[in-house]
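To start, the structure under review is shown below, and the notes come after it.
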Amino acid sequence: MNFSVVVSQFWPLLINGLALGFIYVLISLGYTMVYGVLRLINFANSEIFMVGTFATVIVSRNFFGFNQDTDPLSGFKLFFAMGACLVASMLVSGVTAVIVELVAYRRLRAKGTNRLASLISAIGVSIILQEGVRILTHSVPMSNPRLLRKFSVVTFGDVGIRVDTLLVIVFAAVLFFSVDRFVNKTLLGKAIRAVSMSEETSKLMGINLNRVISATFLIGGSMTGAAAFLYETVYENTKYNVGFSIGLAAFTAAVLGGIGNLRGAFYGGLSLGLLEQFAAAILGTQWKAVTVFLVLVMVLLFKPNGLFGEAVQQTRV
Amino acid sequence: MNKNSKRVLGAVAAVTLVLGTVAVTSAQAATKTVTLVYQGPLTGTDAQTGQDEFLGAQTAVQMYNDTNPAVKVKLIQADDQGDGAVAGTVAPGIAANKAVIGVVGPAYSGASIASFPSYKATRLTMVSPSATRVTLTDTKSPDNGYPFFHRVVGNDALQGPAVVRWSIDGVDSPKVYVIDDQTPYGTGLAQAAVAYIKLKKINQVGSDSVVQKTSDYSATVSKIKASKANVVIYTGYYPDGGALAKSLNDNGWNGVFAGGDGVLNDAFIDVAGKAAAEGAKFTAPAVPFETAASAAQQAAFTKATGLKTAAGHVYVTETFNATNVFISCIKLGKVTRAGIQSCVATGTFFALDGKTILKFTRQGEVVGGAPVGGFQVVKGIIKYFGAV
């Protein structure tokens, strides 16, 4: 065990853990919102993330013509280019999520098939998307040109906090609280919450179930797309299987917080990001996964519905 | 038709039949073909390595076939993605193909281990251009390929010390941090490097083990910075090595990033970005083809592959050499699996330069070892600095 690293590298570990955690938060919204309304684990969400990363890279490389030799941008150009990448990523991921629901889940739902069929369908869609992109890209990783110069905004001693990690934290927090407010304060949000509480009662109250479910997939997919954009801003690489490990982590975060619960996803994502960072630093990276899943098992042992599973019904989607 | 005419016709028919048979037999002999397989990562994140290596096999086969030999060689590809799990499903199919008399490969150590049961069971000889894990030829190890596995490269017992020597070359008071990627190749090379570090009493300030396909290396970077390391040795493959080098650079670390042959690839520069890749050092038990090949061999390379030069492509020479081991045996009339195995195990062969002798030990290593080369990224290009 190496506790000295925590002393000398506390701030980078904390900030990087929070940044990673916020990316998990946004992706886990994709899992948790869909689970809230359909009681379905949308395994294709990791591939929704993957297509979002490719959307960012393609807009940057093919639409703007940036490459590895391009100097980082500034001023309006930076704002415009990053904005376009963000919108493209959210749009592509959101629309892909809606299409996945239409093609893979809606008919099964209409036929009243059991949840196992939908689960297999979700896994099937995940594999189709991943393999499709693998074939299209010849399995080659794609790097994302650097749009934002990575300078230190704040310095603690000889340790700097980078602008891109701060951007992730601030922007992801704004997005999360916007979605939280949307779900809690708007009519459509109320409809989403109603469907998550009782599908049958919602129908009787005149709620258009399909419309609400499509909207849920669109919002969850868009948030996953935003996470993909932020991921590309920090890590600047993607490949066909980029969604696998990060999707698994986000799903774990959703379960940790209480799947189906918006604020559970928030606390679950942040807890997981920080846990991963400090476990890797103190115990060694090889113990990171063991520690995370040990904690998950312990939490589920005492709180089977996760940290916030059934306790905060009013925030459930 | 009189009796004489019938005799003449009969004689003509007989001659025609005999000549025809001879002609058919000659034609069949002329078109006899044996099959060699190249096995390596042709798709997947490590595809570049396999595609580079295949160029060497292509060149050797084309050069041989262009001499119009009695027995031609057909070269086919087997894609194991450099992954043991995939190799375990690919190898049985190759082993069952009776036309295949030898495997150029497997390229990777993990894939080799997963392929051994199939090839040993069907007595199929392997000559790998790049699988370097020590235990592959260790008859006491449970994952060895004896007696069918051979390799034309030096193993990690040679590369481990070399990567340490090359990484600290020119560094005052080196403080080394070693990271492996948890693969059979990565852990084996890391063990060899650490053993040498201890032997030479070099200051090792830390180590880590990060699973492949990790997105976020920031915790590892924090530990490296806390340890004040000025040399990082990464024993894994270039997609992950590139991401780690980028993360180190983005977080203001300015030491020497070094890696073994798994990281030696042009794609490393693309993944890491030019700034992070600049100055990175690599070792490989490999000699660049463009350095070692004659003008005629360079021309044959261009003819076979359509590429002007082999520069930037790794393990072309070694794959050329591995393929030529089989071709030398085929030239001696060894066209069965048993014949090939006996020939490869006991024969004496020549490397690309026509002078270096390749002969295998009983365990499948090259007698006398093989040189380990040093490489470095200079102005965005990987340059060869000779044996280190």
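No lab work stands behind these numbers, since they all come straight from the coordinates. Note that the structure is a prediction, hence the values are computed from the model and not measured. Here Cβ is always computed from backbone atoms with ideal geometry, including for glycine, and neighbour counts include all displayed protein chains.
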* Please give the peptides B:47-55, A:19-27, A:66-74 ranked by average Cβ packing (other Cβ atoms within 10 Å per residue), highest first, as a rough proxy for protection. => A:19-27, B:47-55, A:66-74
* Structure fact -> For A:LEU301 and A:MET1, extending 7 Å from Cα along the Cα-Cβ vector and measuring point to point gives, in nm, a value of 1.8
* Using 13 Å as the cut-off for backbone N distance, which residues of the range B:218-254 belong to the label zone defined by a point 7 Å from the Cα of A:VAL154 along Cα→Cβ? -> none
* Environment charge at B:VAL366 (Cβ cut-off 13 Å; Lys +1, Arg +1, Asp -1, Glu -1) -> +1
* In what sequence, highest mean first, do B:163-170, B:35-42, B:273-280 appear when ranked by Cβ atoms within 10 angstrom? -> B:35-42, B:163-170, B:273-280
* Structure fact -> Counting lysine pairs in the range B:157-284 that sit 8 or more positions apart or on different chains, with Cα atoms under 15 Å apart, gives 10
* To the nearest 20 debye, what charge dipole does chain A have about its Cα centre, counting +1 at the Cβ of each Lys and Arg and -1 at the Cβ of each Asp and Glu? -> 800
* With a/c under 1.5 counting as rounded, go ahead and sort the range B:25-126 into rounded, prolate or oblate using the C-alpha gyration tensor (a ≥ b ≥ c being the square roots of the eigenvalues; past the cut-off, prolate if a/b is larger than b/c, else oblate). => oblate
* Fewest first, what order do A:MET50, A:MET298 take by the number of other Cβ atoms within 10 Å? -> A:MET298, A:MET50
* Asked: Between the helical axis of A:209-235 and the dominant principal axis of chain A, each derived from Cα atoms, what acute angle in degrees is found, rounded to the nearest 10?
  -> 10
* To do: Compute the long axis of helix B:184-199 from its Cα atoms, compare it with the longest principal axis of the Cα atoms of chain B, and write down the angle in degrees, 0 to 90, nearest 10.
  => 50
* Structure fact -> Counting only backbone N atoms under 18 Å from a point 7 Å out along Cα-to-Cβ of A:ASN114, the residues of the range A:13-41 in range are A:39-41
* Asked: Mean separation of Cα pairs under 8 Å and 6+ residues apart, divided by the residue count of the range A:217-295: what relative contact order is that in percent?
  -> 14
* Asked: Taking every residue in A:5-18, how many Cβ atoms of other protein chains lie within 10 Å of its Cβ, on average?
  -> 4
* Once you charge only the Cβ atoms, +1 for Lys and Arg and -1 for Asp and Glu, what is the size of the charge dipole of the protein assembly as shown about its Cα centre, to the nearest 20 debye? -> 1500
* Hey, in the GNM for chain A with a 10 angstrom Cα cutoff, which one of A:PHE278, A:PHE266, A:PHE54 fluctuates hardest? -> A:PHE278
* State, as an integer percentage, the relative contact order of chain A based on alpha-carbon contacts under 8 Å between residues 6 or more apart. => 36
* **Peptide A:137-150 - average C-beta neighbours from other chains (10 Å radius)** => 4
* **the protein assembly as shown: antiparallel DSSP beta bridges as a percent of all, rounded to 5** => 35
* Asked: What dipole magnitude, in Debye to the nearest 20, does chain B give about its Cα centre under +1 on Lys/Arg Cβ and -1 on Asp/Glu Cβ?
  -> 1580
* With Cα atoms, 0 to 90° folded angle of helix B:84-96 axis to chain B main axis -> 10
* Per residue of A:62-74, how many C-beta atoms from partner chains lie within 10 Å of its own C-beta, taken as a mean? -> 1
* Asked: Under the definition of Cα pairs under 8 Å and six or more residues apart, what whole-number percent is the relative contact order of chain B?
  -> 18
* Structure fact -> One finds the C-alpha centres of the range B:128-175 and the range A:26-44 to be spaced, in Å, by 46
